[in-house]
Each structure stands twice: as C-alpha cells, then as structure tokens.
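Read through the structure below, which is laid out as structure tokens, and then see the notes.
The values are calculated or read from the model by the stated rules, or taken from the named source; none is laboratory data. Since we're looking at a predicted model, the values are computed, not measured. Because the Cβ atoms are built from the backbone with ideal geometry, glycine has one as well, and the counts that use them run over all protein chains shown.
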Amino acid sequence: MTQIALEDIETLARAESERMRHYYIGVEHLFIALTQLEGGITGGVLEQVGQSPRYVRYAIREAVGRGDGTRRWAGYHQTPRAERVLHEARRVIGIGTIRPDDRVLLLTILEEGDSLPVRLLRGARVDIDALWRTTIEWSGDVPHAGLPEKAIQGGDALNADERAVLAEMFRRYARIHVEQVFNAAAGAFSGTTVLLVRPQHPDGRSDARVVVKLDDRQAIMWEKNRYDSFVRDRLPAQTARIAADPTLPDGSHLAGLKYTFVRTAGDDLPTNLLRFVAEQPPDRVDAFLYNSLYRVFGETWWGQRQPYTFTAGLEYDLLLPPALVVEALDGDEVPTGVPAYSPGPDWPPRRTFTPGDIIALEGFAVVRARRERGMLRLASGAGAEASNYRGRIDVYNLNVDPRRYWRGEPVERLMVRVRQTREDVLQTRVALLEPDFDLMRETLPFAGSEGRARLIPNPLRAYGQVLASPIAGTTSTIHGDLHTGNILVGPGGDAWLIDFEWAREGHTLFDWAVLEVSLLLDHVAPCVGQSWAAVRMVAALLDALNQRRPLPPTAEPPIAEALRPVLAVRRIAAELLARESAPAEYFTALSMAALRASGWRERPLGARRLAYLASALAIEADWRARRTYEATTGDATADPTLGQGYDSLIDPAG
C-alpha cells in the first residue's frame, strides 16, 4: 500500500484552499485532500460504505463556498479544529502503531466528529462508527477502471459522454445491458436521458435492475441535494429511490444518478406516463392518476398542505423566460456611471430596459453554468424556494470558463449589455406560432364552447397582471417538474417519480398545472392538426371544462377520449383547492404553465398553439373566478384590479 506523508496531504490541502480562495487550512480542505490522494485509502473506504469520493468532494465545496479572494495574512493559517486534528494525527503517527499517515488523519477527523465533512456524511446517512471501523480494517484498494466499451450492450443511440458515465457507474461489473431508454426520442420529452439497466458479474449472475438518469453535472448534483432535502424521507415504501451518490467522471460535463427499480408483479419493464396514457383504457389511467400517484404520494406530499398566501410571481415567475438576457463585457467596453442592480425586493425594477443598455449586476447567485454555451444563469438566490428564481438573468459571452462558477455562489460584479428583455423573448416565441391575430393587441378573438364569439386576454399582454395577483392557497412538498416523462408506471401499476432537481416546498397546485399542460401537449395535441382552426376546436372544449360545463355532444370522440386524463387531473386539483369555491388558484397556475409551454420549440407547432390558447383561457377563467368569488363572498382578496379593462369581456355568468 502506498505510504503517504502527512506533509503531502497538507500540501494538497493548501492547493485546495487556494483554489477556493480561502487562504487558510480547515478540516474541509484536509478531507478534500484525502479524497484526492493517488493510492490513498479514503476513496476506497468511502466507496465501501456507498459514498462517491468525488461527490463528497463537490458537496463539501458547495457547502463551504468560495472566499472573496482577499488575503488578510501571509501564508495559510490553520483553523483551531484543523490544528487540533493535525496535532492528534502527529501524536498517533509518532507512536507508530497505525500506518499510513492518511489512514491516521482520516481516523482522527472521524473521531473529532464535528467538522463540516463529518456533518455532511451524517446528513447522507453514513454510519460514522461503521466508517471508522472500515478505515481501521482496510487492507486493499478499489479498482477504478471503467467498463470497456464492448461491455455496454444495448442503448445504441447513447453518445460517448453518456457511455463514459455508465462505464464509471458500473465499473465493478463485467457488463451491463441497457434494456430500455426513456428520452425525447422514446416519447419522454425530457432534456435528460433515463435508462433501465441490468448489470452482470463476470460469472454471468445479474444484479437487480436499476434506473439511471444522465444529465448535466450541475443538474445531477442539485437533484441529489433536492432529493436529500425534500424527498428522501417522504417517499412511499414501494417507489424508486436514489441508490447511490452521483457518478461524476473526470473531464465530462455529464453525470449520472442511479435509482432503485422496484419490481412487484406483471411485466418486467416499466413505462412512462405518456406511453401508459396512450396504451391503456381511460378507466385504468384515471385509477392510476388518482390512486397510485395522488393518493400514495399525497400522504406525505400534497396532502400535508399548509395555508400559504402569496403573490403569484413568487411561485410562477420561474416558469417564464429570464427577466433579462445579457452579454458579459470586458473592462475596455464599460463606460463610466453605469447603474448597478442587486437582488432584493426591488428586483426586477419597474423601469424598462432597452437592448443595448449597459448595467452592472452585483450579488446575484449562480443557479446554472453551461460550459458548452458559455452561459451563466443568475438569480436572486440559489435555494429551493421558487422566489429565489424570480427575475432570472441569462449571461452569455463569458470570457472565462463557466465551470469556475459554482451553483449557489454569489457573483460579486458583472458588467453586461442587455440583449433582450422578457417581453422581447416572449414576443419572439409568440411570433414563431405564426399567429392569425395581432399579437400586439390586448385581446384575442375566440369562439367559445357555446358558439358565441368573444374576446379573451392575450397572454403576451396580460401575464404581468397574473404574476402580480394575490393567491390564498396552500404549500406542500412538490415535485416541481411533474410532466409525463418524469412519472414512471411500474410493472404492478404503481407510480414512480424521477428527476427531483426542482423538488421543494411550494404551491400545492403547481405540480398538477404542470401535469395538465404536459398531457395537453403530448397526449391531446397529437389527436388534431397543426392549424389554428383545429387547435381552436380543442380550445373550445377546454373552455367548457374551465366553465365546469360538460363537453358538447359535437366533440369528436378521439379528442373527448384524449381529454379524459385532463379531467382526472382537474378532479385532483379541485380536492387540493384551499377554498372549494375559489378555482382561480388553479387557473393562475395553469395560465403560467401553459404560457411557458407555448415556447417549447421541440414540440410541434399545433401543440404550442394549443398551449398559448390554453393560457389565454386560463387567464380569463382566473379573472372570472375571482370576480365571482368576490361577488359571492365579499372577500377583498379577489383583488378587484385584476383584469381591469376587461370587464366587458368577462361575463361571470358565462
């Protein structure tokens, strides 16, 4: 076994401290150094207890954060805890009963028990006593060679980066079989790739199948963080769980997560909700949505809701394009007297930005860095709450590698030039729908389910009022991205959820509005053509649902059948309303979820057109419901300013 001196570990710790711009030595730097040692035992010991050394390293870095780069002393001072740990390690090394030095230092850190790395390990459910015993008894190394290319069977469409993640994730095995792929090509319509994988040992024995998710490295790490914070302790017994720390191959922008595959009865393979809805009779779909998804997860998620009064923008601003799209500037391009903006209650400001404006951004947090696009996404904060994403900013043309920025890290100051505002982005998206109406007008012409022509709000002009509207609702644990590709149907008809990157405490109806829009685009829209006339025919049926009317007898049977899952979602949403007689709470959520989807360019034109009309009808239904509720109850929270100027368009009586 390689002999590693304590001085070598301290040298690595100093390098890590410099990289993080701390210029001191803490136990966190020493622990990271232990995980980086070539031939050291820490990596093997962590893997023996089911922890990825690389993930632990990244988790420590994110928890500590980077310093501001200011050096307040010469050299590298040690924190009191690091000084105690090193002193004890030197004492034990001097006795000579335990070797090598890195084992001694790891044992000393574990025995001290209150440093940041140990607290993080405890938070990940690691038994520190068991880890200590494993360290004492450790006598070998864990092989780190990945699977050879030929050992990955199936999944022919996977690219080299995706195969590299699989090779690292399953390096202990002789081969793996990719049995099923859930991605956009397979009908999941997700930016990620999800696989069903069966690993095999050299003697031919197979271990249990697992579900693997492959995505951008930062997204995968954030998903694990959200899972640990909001999901892990609130999942029903029979559902998929994250089985291990993320796999983070060196030199790759991709990473992977491994989920358990819970097999109960019936066929071997799961399916996603989109396929299930298309292949199963409506009654079985209704039963799955209500009993397997809503009732089972609702026990610890949506069913445990608490009163929550908020402004719609705090929850739904994140569904819309960024407040600003900007490009970073070099120092030579910046004039004097540039206005500076910071996150806070006054962001985004009431003033209107113009493309070409030069401004300074100070203190915004990084929520995503995309190396391949040279882009940073900034927001007011980096926590799980939706309010932290209000007024997002996308920064392009960075002259440094975006990987230097960590998720959650505040950016001290960036000088930028405005490319587009949110209004610009939305207007471009609506123009791509090739509208047969004037997109600059406040209203759209529409013939409703009753056949009477009327005008309905134009979402492009009305979304600001929606975001400013008050909602008296509830909050609960939510998935945050509950679309048909993230809901898997197990062999026994049980529901599994994947992709917890956006899991959080939030508006209870958020998930169900997102799911309804997903069903409209991916299940209902394919039943009709791409033309505005065909889309308006479906929108007229949605109008009937919004007004709680039965579908007209003239509705074409295939379309009426396709709307059955939407009706099931509406029934669930009705049970979750904070006030039974106030459906505006759901229509607010639905209007913003549909407006977002109208800009998804990977969807067919007809689906995007349907989403835009669904948003317009939901805004109208929102305002109508508020007026009806106020007239019935006298409750001022209905906000009489909503839809002001539309009084002649909205008939509370329908």
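With respect to the conditions (1) over 28 Å from L426 (Cβ atoms); (2) modelled with pLDDT of 85 or more, E630 lacks only one, and its number is (2).
Number of residues in region 204-222 that are out of contact with any strand residue (DSSP E or B) (no Cβ under 9 Å at 6 or more places or on another chain) and in contact (Cβ under 8 Å) with a residue 12 or more places away in the chain equals 0.
Search region 485-538 for residues being acidic (D, E) and under 15 Å from L610 (Cα atoms), and hand back the single one that is nearest to the chain's Cα centre (by Cα).
Top of the filtered list is E516.
Considering the conditions (1) of a type in the set (A, V, I, L, M); (2) under 22 Å from P249 (Cα atoms); (3) surrounded by fewer than 21 Cβ atoms within 10 Å (Cβ to Cβ), I32 is excluded by exactly one of them, (3). Answer yes or no as to whether P470 is within 30 Å of L293 (Cβ to Cβ) and surrounded by fewer than 18 Cβ atoms within 10 Å (Cβ to Cβ). When the stated conditions are applied, P470 passes them. Exactly one residue among A616, A594 is over 30 Å from F297 (Cα atoms), modelled with pLDDT of 95 or more and in contact with a helix residue (DSSP H, G or I) (Cβ under 8 Å, 6 or more places away or on another chain), and that residue is A616. Just one of (1) closer than 20 Å to A468 by Cα; (2) β-branched (V, I, T); (3) under 21 Å from the mean Cα position of the chain (by Cα) fails for V395. It is (1).
If I filter region 409-429 for residues that are out of contact with any Pro (no Cβ under 8 Å at 6 or more places or on another chain), among the basic types (K, R), outside the structural domain of R596 (by TED's automatic domain parsing) and part of a loop (DSSP other than H, G, I, E, B), do I get at least one hit? Within region 409-429, one or more residues are out of contact with any Pro (no Cβ under 8 Å at 6 or more places or on another chain), among the basic types (K, R), outside the structural domain of R596 (by TED's automatic domain parsing) and part of a loop (DSSP other than H, G, I, E, B). With respect to the stated conditions, L509 fails to be in contact with a Pro (Cβ under 9 Å, 6 or more places away or on another chain), buried (at least 22 other Cβ atoms within 10 Å of the Cβ), within 16 Å of F297 (Cβ to Cβ) and not assigned by TED's automatic domain parsing to the domain that holds G256.
Checking each residue in region 291-323 for being more than 24 Å from T588 (Cβ to Cβ) and touching a residue at least 40 places away in the same chain (Cβ under 8 Å) picks out S292, V296, E299, T300. Each residue in region 155-171 was checked for being closer than 15 Å to R198 by Cβ and not aliphatic (A, V, I, L, M), and 2 of them qualify. The residues listed here are S615, S531; of these, the one that is under 25 Å from T475 (Cβ atoms) and polar (S, T, N, Q) is S615. Here P117 fulfils each of the conditions (1) at pLDDT below 90; (2) surrounded by 16 or more Cβ atoms within 10 Å (Cβ to Cβ); (3) of a type outside the set (K, R) apart from (1). Taken as a whole, region 248-257 holds no residue that is surrounded by fewer than 19 Cβ atoms within 10 Å (Cβ to Cβ) and over 26 Å from K150 (Cβ atoms). Suppose we keep only residues that are in contact with a helix residue (DSSP H, G or I) (Cβ under 7 Å, 6 or more places away or on another chain) and in a helix (DSSP H, G or I) within region 597-607. Which one would you say is nearest to G529 (Cα to Cα)? Filtering region 597-607 for residues that are in contact with a helix residue (DSSP H, G or I) (Cβ under 7 Å, 6 or more places away or on another chain) and in a helix (DSSP H, G or I), the one nearest to G529 (Cα to Cα) comes out as G606. Could you say which residue among G464, G490 is under 21 Å from Y290 (Cβ atoms), out of contact with any Cys (no Cβ under 6 Å at 6 or more places or on another chain) and surrounded by fewer than 23 Cβ atoms within 10 Å (Cβ to Cβ)? Residue meeting the stated conditions: G490. The condition of being modelled with pLDDT of 80 or more, hydroxyl-bearing (S, T, Y) and either surrounded by fewer than 17 Cβ atoms within 10 Å (Cβ to Cβ) or farther than 21 Å from I128 by Cβ (or both) holds for only one of Y58, Y76, that being Y76.
Determine, yes or no, whether D394 is more than 30 Å from A555 (Cα to Cα), buried (at least 18 other Cβ atoms within 10 Å of the Cβ) and of a type in the set (D, E).
Numbers: more than 30 Å from A555 (Cα to Cα): yes; buried (at least 18 other Cβ atoms within 10 Å of the Cβ): yes; of a type in the set (D, E): yes.
Yes: the conditions hold for D394.
In the list L426, L432, L519, L482, which residue meets the criterion of being modelled with pLDDT of 90 or more, buried (at least 17 other Cβ atoms within 10 Å of the Cβ) and farther than 30 Å from T300 by Cβ? Write out each step before concluding.
Details: L432 fails: buried (at least 17 other Cβ atoms within 10 Å of the Cβ); L519 fails: farther than 30 Å from T300 by Cβ; L482 fails: farther than 30 Å from T300 by Cβ.
Among L426, L432, L519, L482, only L426 is modelled with pLDDT of 90 or more, buried (at least 17 other Cβ atoms within 10 Å of the Cβ) and farther than 30 Å from T300 by Cβ.
Of the helices (runs of 4 or more DSSP H) lying entirely inside region 1-105, those containing at least 3 residues that are over 38 Å from the mean Cα position of the chain (by Cα) span 6-19, 80-95.
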